[in-house]
Amino acid sequence: MRSVFRCLLAMVVCGFSFLQVVAQASCPPRPAFGSVVQDTVSLTSQKGVLAAEFTMGHSVDQFGYTHYCYNYNATSTSLESPTLRVHQGDTLILRVKDRIQQDDAGMKMSLPPGQTCGDGGPMTLQSTNVHFHGLNVSPYCHEDNVLTTLIQPGTPGFEFKIPIPADEPPGLYWYHPHVHGFTEFQVNGGAAGALVVEGMEKIHPQVAGLTERVFTIRQQYLVPWIPGPYELSINFIVSAFPHPQPKILMKPGEKQFWRVANATVQDFMPLQFQVNGTPQPMELIALDGYPLAQTRMETTILVPPAGRAEFIVQAPAAGATASFATLNYSTGPTGNADLPQTIAAVEVTSGADQSPAVKSTGPPLHLENLKFADVAKQIPTAQRKLFFSEEFGGTNGPIQFYITVDGQPQRVFEANEKPAITTKVGAVEDWTIENRALETHAFHMHQIHFLMMEVDGKPVTNDYRDTIEIPFWEGPGHPYHSVKVRMDFRDPTIAGTFVFHCHILLHEDLGMMHKILVEP
């Protein structure tokens, strides 16, 4: 089970001892229990450029929870994880300093000599970097490079300079640390934020004029590698019994455009908007930052860890009881239970504050002009099969996690490994990804979106995703569950080496990840 591995990882990292924290607390206070949910402050590009500076901080709150935070110091007040807003064709310039202060006497990993980007040195609990999850951008140094980029505490910092493609799909993306071996620690501590590529109203005009809400759902264990209860939060407001629930304010009958990022370390979330306990239809606009070809009505939207969903909800009449909730989701015999929970109460009041509305920013944008739009018409140049698996040890559950290219030996990720897959710019490949494990996994591909084609051998709606759930194997006598997706490597922008992995972050940290090389 995932909780078992938190114990095992504790032995490796800390020898069963808790981290010794330097006195300075550098994360800002988080909102009080039961607060009204406010959108995070947005930073918006100006004249084609969004330039900002973040400081990665670290502290422990009064309840013993370890926090990690991307601080933005626009004034004397430190703001945590602002929403980054860019347009197609913009340039994002993000300067990041590492000011984590904690004892780091545990596990260290090293990059191969000569393969560092940034400060270099070992990968540790104090190191950080940034992954721009979902963006279809270059994996080279100073862009979306997670394999060799390291920012170390106390150094002057590092600058990311990322051209946003002119055909980048409008939608919700997110950013988070991605230092191998330690990703779960920092995301568990809250280091994650939303990134929006503007222009959704150009494709789906029904969102224009609606109040827009950006919700980042996070999850925190008291200590990420120790089993026990965890807290869910929405925009940093904790939603956990017996504390009062966060409140989302809506006017009676009002429609709002919600953009929701699942920034948890492991939860699969079947999301519902409920009125008097009954799920209401939501108009699904986009998944994983990619607009749907045709919107559709859903009463439940399953969002895996790292996935995003954008949808329209409508408040009931005054006097009704409404809520935003996640349902129970079974992850299998060796998975953790993802339990039902109210994320926030929806308070219907004529005095609701009006959040900014989606503005029309130009002429209509056609789906056929977006990246990957014609990949369904392409003839694949290769077929591949990959599979998730777990290795067991006695009665203690799985002891190792693998993602394997069929025909290759099972092995865990290593920083100096050769790519498990090599392909070329111009390739279009169909991948079948099976789950041979007794728990559900979440497949994530860096640098590109993939086209969904089949689930368990049956055709499905051709949505574009960057993260997809693959349900657990029920055991002997049952088939493996699988997805078939089309990978589009035609854009030379993404040439280079990057990774694919399970986005249950403990699994990724323990080696359920491999490299792919796209040769120019």
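Quick one: which strands (runs of 3 or more DSSP E) sit completely within segment 437-520 and have at least 3 residues that are surrounded by fewer than 22 Cβ atoms within 10 Å (Cβ to Cβ) and under 19 Å from the mean Cα position of the chain (by Cα)?
Details: elements: 441-445, 450-455, 467-470, 481-489, 496-502, 513-519.
Filter on segment 437-520 gives an empty set.
Here is a yes/no grid of residues against (1) crowded, with 23+ Cβ neighbours inside 10 Å; (2) hydroxyl-bearing (Ser, Thr, Tyr):
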site: Leu232; (1), (2): no, no
site: Ser239; (1), (2): yes, yes
site: Val265; (1), (2): yes, no
site: Glu298; (1), (2): no, no
site: Glu310; (1), (2): yes, no
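All but one of (1) modelled with pLDDT of 95 or more; (2) on the phi < 0 side of the Ramachandran plot; (3) surrounded by fewer than 21 Cβ atoms within 10 Å (Cβ to Cβ) hold for Ile226, so report the exception by its number.
(1)
Consider Gly335 against the criteria (1) surrounded by fewer than 18 Cβ atoms within 10 Å (Cβ to Cβ); (2) at pLDDT below 95; (3) of a type in the set (Gly, Ala, Ser); (4) within 22 Å of the chain's Cα centre (by Cα): it satisfies all of them except one. Which criterion is unmet?
Among (1) surrounded by fewer than 18 Cβ atoms within 10 Å (Cβ to Cβ); (2) at pLDDT below 95; (3) of a type in the set (Gly, Ala, Ser); (4) within 22 Å of the chain's Cα centre (by Cα), the lone unmet condition for Gly335 is (1).
Inspect segment 87-110 for any residue being surrounded by fewer than 16 Cβ atoms within 10 Å (Cβ to Cβ), modelled with pLDDT of 95 or more and in a loop (DSSP other than H, G, I, E, B) and give the result as yes or no.
Taking every residue of segment 87-110 in turn, at least one turns out to be surrounded by fewer than 16 Cβ atoms within 10 Å (Cβ to Cβ), modelled with pLDDT of 95 or more and in a loop (DSSP other than H, G, I, E, B).
Considering (1) farther than 24 Å from Pro471 by Cα; (2) outside any strand (DSSP E or B); (3) not aliphatic (A, V, I, L, M), say which one Thr295 fails and leave the rest.
Of everything listed in (1) farther than 24 Å from Pro471 by Cα; (2) outside any strand (DSSP E or B); (3) not aliphatic (A, V, I, L, M), Thr295 misses just condition (2).
Counting just the residues of segment 115-125 that are in contact with a strand residue (DSSP E or B) (Cβ under 7 Å, 6 or more places away or on another chain) and in a loop (DSSP other than H, G, I, E, B), which one comes out nearest to Ala373 (Cα to Cα)?
Thr116
Residue by residue through segment 424-458, note down the ones that are in contact with a Lys or Arg (Cβ under 9 Å, 6 or more places away or on another chain) and among the β-branched types (Val, Ile, Thr).
Answer for segment 424-458, where residues must be in contact with a Lys or Arg (Cβ under 9 Å, 6 or more places away or on another chain) and among the β-branched types (Val, Ile, Thr): Val425, Val428, Thr432, Ile433, Ile448, Val455.
Given segment 133-208, what strands (runs of 3 or more DSSP E) lie entirely inside it while holding 3 or more residues that are surrounded by 23 or more Cβ atoms within 10 Å (Cβ to Cβ)?
By residue number, 171-176, 193-197.
Out of Val238, Val223, Val214, report the one residue that is closer than 26 Å to Asp167 by Cβ, not assigned by TED's automatic domain parsing to the domain that holds Pro163 and not small (Gly, Ala, Ser). Even if it seems obvious, please write down each step before you answer.
Details: Val238 fails: closer than 26 Å to Asp167 by Cβ; Val223 fails: closer than 26 Å to Asp167 by Cβ.
Unique residue meeting the criteria: Val214.
Taking Thr432 as the residue in question, decide whether it is in contact (Cβ under 8 Å) with a residue 24 or more places away in the chain, surrounded by fewer than 19 Cβ atoms within 10 Å (Cβ to Cβ) and among the β-branched types (Val, Ile, Thr).
yes
Starting from segment 140-155, take each residue that is without any contact (Cβ under 8 Å) to a residue 40 or more places away in the chain and within 8 Å of Thr128 (Cα to Cα) and list its partners that are assigned to a loop (DSSP other than H, G, I, E, B) and not β-branched (Val, Ile, Thr), counting only C-beta distances under 9 angstrom and pairs at least six apart or across chains.
Here the result reads Leu150/Leu111; Leu150/Asp119; Leu150/Gly120; Leu150/Gly121; Leu150/Pro122; Leu150/Ser127; Leu150/Asn129, each pair linking segment 140-155 to a residue that is assigned to a loop (DSSP other than H, G, I, E, B) and not β-branched (Val, Ile, Thr).
When segment 433-479 is examined, which residues are found to be hydrophobic (A, V, I, L, M, F, W, C) and closer than 16 Å to Ile504 by Cβ?
Across segment 433-479, the qualifying residues are Ile433, Ala437, Leu438, Ala442, Phe443, Met445, Ile468, Ile470, Phe472, Trp473.
For segment 422-436, how many residues meet the condition of being within 22 Å of the chain's Cα centre (by Cα) and of a type in the set (Asp, Glu)?
Total meeting the criteria: 1.
Taking only segment 461-518 into account, find how many residues are basic (Lys, Arg) and farther than 30 Å from Tyr221 by Cβ.
3
Among the residues of segment 209-242, write down those that are under 18 Å from the mean Cα position of the chain (by Cα) and assigned to a loop (DSSP other than H, G, I, E, B).
The answer is Pro224, Asn235, Phe236.
The values are calculated or read from the model by the stated rules, or taken from the named source; none is laboratory data. Small disclaimer: the values here were computed from a predicted structure and weren't measured. Counting neighbours? That spans all protein chains shown, and the Cβs are built from the backbone with ideal geometry, glycine included.
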